[in-house]
1. In this structure, does V283 turn out to be at pLDDT 90 or above and within 25 Å of F168 (Cα to Cα)?
2. Any residue at all in segment 75-97 that's polar (S, T, N, Q) and more than 20 Å from the chain's Cα centre (by Cα)?
3. Hey, among the residues in segment 27-71 that are without any contact (Cβ under 8 Å) to a residue 60 or more places away in the chain and among the hydroxyl-bearing types (S, T, Y), which one's farthest from G130 (Cα to Cα)?
4. Across segment 149-163, which residue is surrounded by the most Cβ atoms within 10 Å (Cβ to Cβ) among those that are of a type outside the set (F, W, Y) and under 19 Å from the mean Cα position of the chain (by Cα)?
5. Across segment 96-138, what is the number of residues that are part of a helix (DSSP H, G or I) and more than 13 Å from W55 (Cα to Cα)?
6. Return the only residue of K249, K259 being basic (K, R) and in a helix (DSSP H, G or I).
7. Considering each residue of segment 99-109, count those that are surrounded by fewer than 20 Cβ atoms within 10 Å (Cβ to Cβ) and in contact with a helix residue (DSSP H, G or I) (Cβ under 8 Å, 6 or more places away or on another chain), and give that number.
Amino acid sequence: MRFGLWLKVARPGFWTTSIWFYLLPAGGANVFDSIPFWIGIVYVTFPLGLMIYGWNDIADWATDRQNPRKDSYIFGARPTDAERAILPIGIILAQIPFFVYFTFAEGVKAIGLIAALCAAVITYNGPRWGFKNWPVVDLLNQSGYLLVFVLSSWLNDVQQLPWQAFIFGAAFAMHSHLFGASMDIEPDKAAGRRTTAVLLGRAPAKFVVAIMLASESAWVYYWFREGITTAVLALGAVWFVADALVMWKAAPYSARMAKTFLLGWNAAAVLSAPWVWHSAAFVRIR
């Protein structure tokens with residue numbers, strides 16, 4: 001199996017968001033000379049991506065074959081039947097050294113985190129009863145990304161983020177998922193999937209994303225007084241309203257435009273990550 005395919009499965013296009021989440025609890029802490037910090041950074045990129053999206057590629061093979069965005073380093077792979085057959089082995093092998101290290105470093109509590117991560121992946125990707133086929137629940141399942149906050153706090157020996165930051169993180173993961181799912185409405189419909197985006201339709205889904213972004217913006221300003229993130233979220237809300245009313249409306253994005261959106265998303269994450277760490281904006285309420 002080609003390394004390029006493994007890389008596509010792990011979705012490098014989403015790694016910057018995982019790193020952004022990982023840096024939030026470590027804000028202001030002297031962590032860059034810490035081996036556990038870098039082990040965590042490595043884990044939340046390729047191995048975690050392989051864990052989350054690899055099982056998704058295995059379960060969604062029928063849908064992905066109808067999805068023009070697939071077979072890319074941004075939106076994921078389109079493995080053959082033979083390649084899908086060996087994906088589970090690679091996924092498991094990529095987790096083992098990190099799971100062993102986490103358990104050695106953090107003790108029994110790490111087993112609970114590993115179990116929670118596995119449960120989030122399994123409940124989402126179940127072939128018949130998976131949460132990915134349950135409107136609204138498919139969004140709520142994205143709160144599993146909060147485990148990155150927990151892992152970062154443990155590995156970097158810092159306090160857990162305040163609950164207000166967890167609420168923000170969950171909402172951020174949910175609106176991100178809804179936006180991504182809104183680009184997959186046609187292939188998901190063709191495969192018989194019922195997602196929140198399919199239920200709403202593309203334009204209404206954009207309005208929901210806009211409402212979530214506006215709410216997150218107000219939440220961040222009220223609790224953390226963090227102006228840059230507040231402004232970016234507010235601008236995002238305005239963009240999605242304009243998108244739904246004036247620009248693409250209910251029309252699907254072209255593959256090129258979808259790629260441009262995610263490249264912009266990555267650029268924003270890369271540019272804001274140093275500030276988020278330096279300002280320690282989400283470490284305490286203001």
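1. yes
2. Taking every residue of segment 75-97 in turn, at least one turns out to be polar (S, T, N, Q) and more than 20 Å from the chain's Cα centre (by Cα).
3. If we take residues in segment 27-71 being without any contact (Cβ under 8 Å) to a residue 60 or more places away in the chain and among the hydroxyl-bearing types (S, T, Y), then T45 is farthest from G130 (Cα to Cα).
4. Once the filter is applied, the top-ranked residue is S152.
5. Number of matching residues: 24.
6. K259
7. 6
This table checks each residue for (1) touching a Gly at 6+ places or on another chain (Cβ under 6 Å); (2) in contact (Cβ under 8 Å) with a residue 12 or more places away in the chain; (3) among the aromatic types (F, W, Y); (4) under 16 Å from F172 (Cα atoms).
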| site | (1), (2), (3), (4) |
| --- | --- |
| R225 | no, yes, no, no |
| T230 | no, yes, no, yes |
| A237 | no, yes, no, yes |
| D243 | no, yes, no, no |
| A251 | no, yes, no, no |
| T260 | no, no, no, no |
| A273 | no, yes, no, yes |
| W277 | yes, yes, yes, no |
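The values are calculated or read from the model by the stated rules, or taken from the named source; none is laboratory data. Please read these numbers as outputs of a predicted model, since none were measured by experiment. No Cβ is skipped: glycine too gets one built from the backbone with ideal geometry, and neighbour counts run over all protein chains shown.
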